[in-house]
Amino acid sequence: MNKNQNKIQHFVPQCYLRNFSPNGIYVFIYDKIAKKQYRNSVDKIAYEDFFYELPESFITNLSEIPFGTKFYEKEFFANNVESLFTKLLEKIVEKQQKWINNRKSFEVFNNEEKYLFAQLIAIQYLRMPNIREKYSDASKKHINAEQKIIKAFLSKSKPELKDSFDKINVQYNKAYDPILHSEIFANIDLFVGMAEQLINKHWIFYYNDNNDFFTSDNPIIVKPHIQKQKPYYEGFGMRGVEIIFPISSTILLSILDEDYFKISENLTAPFNKISDKKKREYNFYQYMFSNRQTYSYNNDFSIIEMLISLNKGEEFFGPKSKILVNGK
């Protein structure tokens, strides 16, 4: 088998990215690292080479795993998660068109579909590079902290060997990252727990008529409306939280904590027309919390250009969550 086969491994699925493409082939891009606008095909964005590849050196029974080192890319994501994701994304788009055509009230999802989609949102959130980086950094800090404690204990109990203990240097192996990450996004208790936080909230599907919702290489935004809280279930369980997820260039899902937000009667329809002000706000979040790229159906990033101008030419980068170890 060609060593480079399936080299490109997406952390944002192509089935999702096509919802922001004018032709199903490419999207328009604003890149805040390169500081430029261009277009590219959906198969060439939101990926990292061999991102989900399992390192053979850490697997003892590789031949017993379906697709071997590509188990998570092929079996977990492509054959299971993304096939379900595609169907439910298509259903949302179809229901929006139905609403536009007849304006009769209906449920976008039945209970089973809503629960499944909530799990898929959780998995999508957990599969991102940000999550890998956060837990990899935490593992490194844990190892360093434990090493200091062990060295201090050994040096105190055997002071004559202190110089030898000081030479001990155990480091986290970054090659383990794909396995560490898989233990998070494939953790059933975790993503089901996150989903259960979502299904008990209020779901608002917004729409626009101009195909101008942005998405990004980090599309699911967890916005706390109450500060200084512990990120219970990766933030999905925080009081006053809002989960923001653009579904397509014309549809955006906002999931709100009903115990904190007073939901207006004007927002109880299957799909709700978004105000220009709210649309600008949500598009700004996609840009600010993107790791690098913001994606658009239209070649119009004037709102980003205006914001950068107001910020004295500087790009906006949202804060990244991290796990503290000994307060660091």
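So the values come out like this:
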| read-out | value |
| --- | --- |
| Mean accessible surface per residue for region 1-59, computed with a 1.4 Å probe while every protein chain stays in place, in Å² | 53 Å² |
| Loop trypsin sites (Lys or Arg not before Pro), region 3-48 (other Cβ atoms within 10 Å of the site Cβ: 12 or fewer; DSSP) | LYS3, LYS35 |
| Region 208-328 - accessible surface per residue (Å², probe 1.4 Å) | 52 Å² |
| Protein accessible area in region 1-148, 1.4 Å probe - carbon and sulfur % | 48 percent |
| Listed residue pairs exceeding 27 Å between alpha carbons, taken from LYS228/LYS273; LYS87/LYS201; LYS104/LYS201; LYS35/LYS87 | LYS228/LYS273; LYS35/LYS87 |
| Convex hull per residue volume in Å³, alpha carbons only, for region 1-107 | 160 Å³ |
| Positive-end extreme of charge dipole, the chain - chosen from TYR285, ALA175, GLY327 (charges on Cβ) | GLY327 |
| Among [x] 19.1, 63; [y] 21.3, 61; [z] 22.2, 84, the entry derived from the coordinates for Rg and Dmax of the Cα atoms in Å | [z] |
| Per residue Cα convex hull volume in Å³ - calculated over region 144-266 | 172 Å³ |
| Amide H contacts of ILE247 (H built 1.01 Å from N, under 5 Å, at least 5 apart or other chain) | LEU252, LEU253 |
| Debye equation applied to the C-alpha atoms of region 213-257, log10 I(q)/I(0) at 0.15, 0.30, 0.34 Å⁻¹ | -0.39, -1.03, -1.18 |
| Percent carbon-and-sulfur accessible area, region 228-320, ignoring ligands, DNA and RNA, probe 1.4 Å | 49 percent |
| Normalised contact order of the chain, rounded percent, pairs of Cα under 8 Å and 6 or more residues apart | 22 percent |
| Cβ-based net charge around LEU256, under 11 Å, with every Lys or Arg adding one and every Asp or Glu removing one | -1 |
| Per residue value of the accessible surface for region 65-185 (all protein chains in place, 1.4 Å probe), Å² | 57 Å² |
| Trypsin sites (Lys or Arg not before Pro) restricted to DSSP loop in region 90-197 with at most 15 other C-beta within 10 Å | ARG103, LYS104, LYS167 |
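The values are calculated or read from the model by the stated rules, or taken from the named source; none is laboratory data. Quick caveat: nothing in here was measured; it's all calculated off a predicted structure. Ideal geometry is used to build each Cβ from the backbone, glycine not excepted, and the neighbour counts take in all protein chains shown. Quick note on the areas: whole protein, heavy atoms, side chains included, nothing else; ligands and nucleic acids left out. Shrake-Rupley method; radii C 1.70, N 1.55, O 1.52, S 1.80 Å.
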